[in-house]
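The values are calculated or read from the model by the stated rules, or taken from the named source; none is laboratory data. Computed from a predicted structure; not experimentally measured. Virtual Cβ from ideal backbone geometry, glycine too; neighbours counted across all protein chains shown. We work out accessible area using only protein heavy atoms, side chains counted, and drop any ligands, DNA or RNA first. Shrake-Rupley method; radii C 1.70, N 1.55, O 1.52, S 1.80 Å.
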Amino acid sequence: MFIMMVISGLILQTSYHNQSLRFRISQIQSQCNILAAQVLLNDFMISNATDNLNTEIDQLANVLEGRIIIVDSEYRIIKDTYTIEQDKYMMSNDVHDIMLGKTPNSTKIMNQYVEIMVPILDSSTVTSTIEPSTSSTRSNAEGTEEQKKAQGVIICMVSIRDLQETDTYMKAQGRTWYALFSFIALIFSLLLAFVLPRPLKVLNRKLQYVSEGHLDEPLEVEGNTEITDVIDTFNQILGKIQTLENSRQEFVSNVSHELKTPITSMKVLADSLLVQEDVPAEMYREFMTDIADEIDRENKIITDLLTLVRLDKQALNLNIEAVKINELLELLLKRIRPIAAKRNIEVVFESVREVVAEIDEVKLSLAFTNLIENAVKYNVDGGWVQVTLDADHKFFYVKIADSGVGIPEDCQEQVFERFYRVDKARSRETGGNGLGLSITRNAILLHKGAIKLYSKPGEGTTFTVRIPLIYIS
Ligand code: ADP
């Protein structure tokens, strides 16, 4: 910036100097031309005694702060305002060329003054032909250059010291401004160098602190809008990481708790057998049956957990094929009906149309089985379960409605969370571990489908599942 400022300053100064010099020269030239006309008009060349004109020439030389010399056609100096060369002869090449009309005028810029020469021309005299025409019929405009011989030459030498003084003054002014601007630029750069990076340094320090593991403390850094925007976004990311971390911790603690419960029961059962002596065989059998149940329970939790993990991992490994959904649901219901029959629950299947869809049969069977099993598990004795299948040109819809205990409204969002159970005791009785609906939802989401639930406590629950007929990866 500073270099550009210096360069533009120099260009400005030079062009100003050239412009004022050009203006001064053209002024002097026009004054010399006027003088040349007056000299001719007053017949000054012959008489040289026109006092008025003499005085005017002296005055003009005074005004211009210079010297005026008039040379006649014989190269004799008939007027020198300095009188030093009066009546002497001037035989310089420039004067000669102007006299012969070879050059229209001459301007020389010396160190401290300019020398301007203009011819005194009488428009009637044409004396020499520089390039004579080769054909008498050709006009002047076509090639002949006729030159007028001058009646004399006016030489005007004018000082340009004032222009140089202005130049020097401007340079001095320029230097002062450069110094001032440089100082301001320096202060400004120092401010930028020290003030701007400060919030960034603070931010970096705090980020390092967060990277050491303090994810729960939001960043607070004061600075310009851009920095506070970055910090806001970072805090949002931090919030999401924290939520994930919390749910991970909650999941780990739930898993530990769920896995520990059957082990604790087994330990209690085993200990109570061990502390007693002469335990009757029936009691052994009864306790061992309970221990076997707890082992089954433990096994189910581990199997479900593995299914969940596999569903998360195998998002890209779906085994998609065209499956007749009516047949699939019929088969699932056939397996469940004997369990339902034990509690006198009627299981009805209603198919509005035949549906063939591109699905992963194993994973979606798991999802539907969970929903239908729940409809039986959380039903009342002598109740009913109705499974309906319908489709349009894009999706197929499966509705599983039951006449069971229902789900309170404030729990409806959470039932899809891992290990969430509305009534822990009842769920435990029926062998539930709170993982079924998580597995179901994951399997449906893998098929780009959706699941919704409508329920009224005491009246029943309806789950509706929507799956695309054609799988788009
Ligand atoms: P669980 O293994 O305990 O059944 P799920 O994830 O399948 O776990 O279900 C979570 C909870 O949602 C259940 O504990 C139960 O309280 C409730 N629930 C699920 N389906 C139904 C239903 N059809 N009717 C009433 N409650 C249900």
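Against the condition within 16 Å of the ligand (Cβ to nearest atom), touching a residue at least 40 places away in the same chain (Cβ under 8 Å), open to solvent by less than 40 Å² (accessible area, probe 1.4 Å) and charged (D, E, K, R), how does residue 402 come out, does it pass?
Answer is yes for this residue.
Considering only residues that are in a loop (DSSP other than H, G, I, E, B) and in contact (Cβ under 8 Å) with a residue 40 or more places away in the chain, look in the stretch 435-448 and name the one that is nearest to the ligand (Cβ to nearest atom). Walk me through how you get there before you give the answer.
Within the stretch 435-448, the first condition is being in a loop (DSSP other than H, G, I, E, B), and the residues that meet it are 435, 447-448.
Going one step further and asking which of them are in contact (Cβ under 8 Å) with a residue 40 or more places away in the chain, we end up with 435, 447.
On the way: 435: 6, 447: 19 Å.
Out of the qualifying residues, it is 435.
Quick one: residue 354 ticks every box in (1) at pLDDT 95 or above; (2) open to solvent by 10 Å² or more (accessible area, probe 1.4 Å); (3) within 8 Å of the ligand (Cβ to nearest atom); (4) under 30 Å from residue 320 (Cα atoms) bar one, so which box is it?
(3)
Can you name the condition, by its number, that residue 39 falls short on among (1) aliphatic (A, V, I, L, M); (2) open to solvent by less than 80 Å² (accessible area, probe 1.4 Å); (3) closer than 26 Å to residue 165 by Cα?
Of the numbered conditions (1) aliphatic (A, V, I, L, M); (2) open to solvent by less than 80 Å² (accessible area, probe 1.4 Å); (3) closer than 26 Å to residue 165 by Cα, the odd one out for residue 39 is (3).
Checking residue 410 against (1) part of a helix (DSSP H, G or I); (2) within 9 Å of the ligand (Cβ to nearest atom); (3) open to solvent by 10 Å² or more (accessible area, probe 1.4 Å); (4) of a type outside the set (A, V, I, L, M), only one condition comes out false. Which one?
Among (1) part of a helix (DSSP H, G or I); (2) within 9 Å of the ligand (Cβ to nearest atom); (3) open to solvent by 10 Å² or more (accessible area, probe 1.4 Å); (4) of a type outside the set (A, V, I, L, M), residue 410 violates only (2).
Among the residues of the stretch 169-221, count how many are at pLDDT 85 or above and β-branched (Val, Ile, Thr).
Here the count works out to 3.
Can you name every residue in the stretch 17-40 that is under 30 Å from residue 181 (Cβ atoms) and either in contact with an Asp or Glu (Cβ under 8 Å, 6 or more places away or on another chain) or not assigned by TED's automatic domain parsing to the domain that holds residue 109 (or both)?
Going residue by residue through the stretch 17-40, those that are under 30 Å from residue 181 (Cβ atoms) are 17-23.
17 - this is the single residue of the stretch 17-40 that is under 30 Å from residue 181 (Cβ atoms) and either in contact with an Asp or Glu (Cβ under 8 Å, 6 or more places away or on another chain) or not assigned by TED's automatic domain parsing to the domain that holds residue 109 (or both).
Could you tell me whether any residue of the stretch 82-99 is surrounded by fewer than 14 Cβ atoms within 10 Å (Cβ to Cβ) and in a helix (DSSP H, G or I)? Step through it out loud before you land on a result.
As a first pass, look at the stretch 82-99 and keep what is surrounded by fewer than 14 Cβ atoms within 10 Å (Cβ to Cβ): 82-84, 86-89, 91, 93.
Going one step further and asking which of them are in a helix (DSSP H, G or I), we end up with 93.
Yes, the stretch 82-99 contains a residue that is surrounded by fewer than 14 Cβ atoms within 10 Å (Cβ to Cβ) and in a helix (DSSP H, G or I).
Restricting the stretch 386-399 to residues that are out of contact with any helix residue (DSSP H, G or I) (no Cβ under 9 Å at 6 or more places or on another chain) and away from the ligand (no atom under 14 Å from the Cβ), which is farthest from residue 430 (Cα to Cα)?
Applying the filter and picking the extreme gives 393.
Hey, could you check the stretch 369-385 for residues that are assigned to a helix (DSSP H, G or I) and of a type in the set (S, T, N, Q) and say which is farthest from the ligand (Cβ to nearest atom)?
Restricting attention to the stretch 369-385, the residues satisfying the condition of being assigned to a helix (DSSP H, G or I) are 369-377.
Still in the list and also of a type in the set (S, T, N, Q): 369-370, 374.
Numbers: 369: 11, 370: 6, 374: 3 Å.
In this case the residue turns out to be 369.
Take the stretch 379-425 and flag every residue that is among the hydrophobic types (A, V, I, L, M, F, W, C), more than 15 Å from residue 457 (Cβ to Cβ) and under 49 Å from the mean Cα position of the chain (by Cα).
391, 395, 396, 398, 416, 419 - these are the residues of the stretch 379-425 that are among the hydrophobic types (A, V, I, L, M, F, W, C), more than 15 Å from residue 457 (Cβ to Cβ) and under 49 Å from the mean Cα position of the chain (by Cα).
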